[in-house]
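Single-structure report; data block below.
The values are calculated or read from the model by the stated rules, or taken from the named source; none is laboratory data. Just so it is clear, the structure is predicted and the values come from calculations on it, not from any experiment. Quick reminder, even Gly has a Cβ in these numbers, built from the backbone with ideal geometry, and neighbours come from all protein chains shown.
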Ligand SMILES: [Zn+2]
């Protein structure tokens with residue numbers, strides 16, 4: 001599993017806000033296409049913006065970052081949904 005591998009490699013998975021503030025997320029259980037995320041809350045750490053909360057694209061519930069799943073998790077609209085941040089292509 002991707003999340004497991006990333007954890008073992010000790011990659012910094014902090015969800016930083018990109019400089020342009022545009023964030024795309026993808027349902028990790030149904031990865032069809034990236035969804036433009038609505039960022040609800042950020043905080044600053046070491047002079048970088050970190051995304052603290054994103055609105056669930058299905059039900060609008062404010063989702064918090066979950067270190068275990070390495071994504072934003074919503075459990076409010078039925079089965080659990082995990083949204084990974086889609087890294088911009090470089
Ligand atoms: Zn939801």
Taking segment 39-87 and keeping residues within 13 Å of residue 17 (Cβ to Cβ), free of Cβ contacts under 8 Å to residues at least 24 places away in the same chain and touching a strand residue (DSSP E or B) at 6+ places or on another chain (Cβ under 8 Å) leaves 39, 40, 41, 43, 44, 52, 53
Which one is nearest to the chain's Cα centre (by Cα) among residues in segment 42-52 that are surrounded by fewer than 12 Cβ atoms within 10 Å (Cβ to Cβ) and modelled with pLDDT of 95 or more? 43
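Per-residue answers, yes or no, for (1) away from the ligand (no atom under 13 Å from the Cβ); (2) surrounded by fewer than 14 Cβ atoms within 10 Å (Cβ to Cβ); (3) closer than 14 Å to residue 13 by Cα; (4) modelled with pLDDT of 95 or more:
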position	(1), (2), (3), (4)
54	no, no, no, yes
69	yes, no, yes, no
73	no, no, no, yes
78	no, yes, no, no
